[in-house]
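Contents: one structure, followed by commentary.
Nothing in this text is a laboratory measurement; each read-out follows from the coordinates by a stated rule. Small disclaimer: the values here were computed from a predicted structure and weren't measured. For neighbour counting, all protein chains shown are included, and Cβ atoms are generated from backbone atoms with ideal geometry for every residue, glycine included.
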Amino acid sequence: MTKKKKDAKRQEALARKSAAQSLDFLTMWGLKQLGYDEGSIWQTYAKTELKYINELGLTEDLLMLKQFVDKVKHELGCGVVVGVGDFTQSVVCLALGISKIEDFEKVEIPTKTWEGLIAQKVLAIYYPESIRNEVVSWARTNGFNMSTHLGQPILKLNHLFILIKREKGV
């Protein structure tokens, strides 16, 4: 193998490791903000889920999705709708703020694993109807890779496609 190929592979491995460490830190910090310190069942569950996410190569996608959700909240003052979407059963996504539920203690055992979510192809996050179009416009003007599928806006990540839906009545 040439030196350039070795360096490229090394850089890729370092980038993956750095992304995994970032996701791990952000998840544990998010759980601490929710009141679940080291040693709690949620920390243990999140660590297991993080390993699985890393094995599936979804680490960078989740970091990008967190960045999207955080920037929308900061710029537009609106977060995702509580209790709906495909990420509400993921402790990692709840800790990152990608999804929200009313009572964290009522998180159920997921009916779909991450493999099941990937097989679904398109996953949904919900924003209030009054602001969803503004979220999509903002995403397009701020460099996020957006597309449409059957008239619905989609945020395209490396391995995941995120359907940005509107929650009626919110």
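Taking the Cα centre of the chain as origin and charging only Cβ (+1 Lys, Arg; -1 Asp, Glu), how large is the dipole, in debye to the nearest 20?
Around 920 debye, computed over the chain.
Quick one: what are the phi-derived ³J(HN,Hα) couplings along region 59-73, Karplus 6.51/-1.76/1.60 with θ = phi - 60°, whole Hz, x for glycine and proline?
With coefficients 6.51, -1.76 and 1.60, one gets 4, 5, 4, 5, 5, 5, 5, 4, 4, 4, 4, 5, 5, 4, 4 Hz.
If the reach is capped at under 26 angstrom between alpha carbons, list the lysines near LYS4, excluding any in the same chain fewer than eight residues apart.
LYS17
Using the Cα centre of the chain as origin and beta-carbon charges of +1 (Lys, Arg) and -1 (Asp, Glu), tell me which of LEU56, THR44, PRO128 is placed farthest towards the positive end of the dipole.
Farthest towards the positive pole: LEU56.
Given H placed 1.01 Å from N in the peptide plane, which residues other than close sequence neighbours of PHE161 have an amide H under 5 Å from its amide H?
HN-HN under 5 Å from PHE161: LEU123.
Based on the mean of other Cβ atoms within 10 Å per residue, sort peptides 116-129, 60-73, 9-22 so the most packed one is first.
So the peptides 116-129, 60-73, 9-22, ranked by packing, come out 60-73, 116-129, 9-22.
Given a Förster distance of 35 angstrom, what is the FRET efficiency for LYS73 paired with LYS4, based on the Cβ-Cβ distance and rounded to 0.05?
Here the calculated transfer efficiency is 0.25.
Which of LYS121/LYS168; LYS5/LYS66; LYS66/LYS165; LYS6/LYS121 have a Cα-Cα distance over 27 Å?
Check vs 27 Å cut-off fails for LYS5/LYS66; LYS6/LYS121.
Just name one of GLY143, MET28, GLN89: the one whose Cα is farthest towards the positive end of the charge dipole of the chain (beta-carbon charges, Lys/Arg +1, Asp/Glu -1).
GLY143
Normalised by the number of residues in region 1-65, what is the relative contact order in percent for Cα pairs under 8 Å and 6+ residues apart?
After rounding, I find 39 percent.
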